[in-house]
Amino acid sequence: MTKEQAAERIGARIATLRKMNEWSQQELADWAGISRQHVGRIEKGELVNVSFVTIQAIAEALGMTVDIIDSRLIDLAPLKTLT
């Protein structure tokens, strides 16, 4: 899978999850702390090198973990200690 194909797949998944929550791009952007334009470009697959921090912020805004967006991202997640 190319980087472009991966970006399209991740973007489509984020769009689907956002719509399942009945959120607009602006609502997701507000919760994730990024711009609406950034969300739009991610969902369209225009951004090939989206940072893990951004994907994690989107996942957390949706109340999910990064592996829901793409199971391959879980390997990039920093380990968190449970308290």
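The values are calculated or read from the model by the stated rules, or taken from the named source; none is laboratory data. Just so it is clear, the structure is predicted and the values come from calculations on it, not from any experiment. Here Cβ is always computed from backbone atoms with ideal geometry, including for glycine, and neighbour counts include all displayed protein chains. We work out accessible area using only protein heavy atoms, side chains counted, and drop any ligands, DNA or RNA first. Shrake-Rupley method; radii C 1.70, N 1.55, O 1.52, S 1.80 Å.
A few comments on the model shown:
- Within segment 22-60, tally of residues that are polar (S, T, N, Q) and either within 20 Å of S71 (Cβ to Cβ) or modelled with pLDDT under 95 (or both): 4
- For segment 34-67, the candidate set comprises residues that are of a type in the set (K, R) and within 14 Å of A7 (Cα to Cα); within that set, the residue that is least open to solvent (accessible area, probe 1.4 Å) is R41.
- Residue check: A15 meets all listed conditions (1) open to solvent by 60 Å² or more (accessible area, probe 1.4 Å); (2) at pLDDT 95 or above; (3) assigned to a helix (DSSP H, G or I) but one, namely (1).
- Some residue of segment 64-75 being at pLDDT below 95, assigned to a loop (DSSP other than H, G, I, E, B) and hydrophobic (A, V, I, L, M, F, W, C): yes
- Some residue of segment 22-33 being among the aromatic types (F, W, Y), without any contact (Cβ under 8 Å) to a residue 60 or more places away in the chain and crowded, with 16+ Cβ neighbours inside 10 Å: yes
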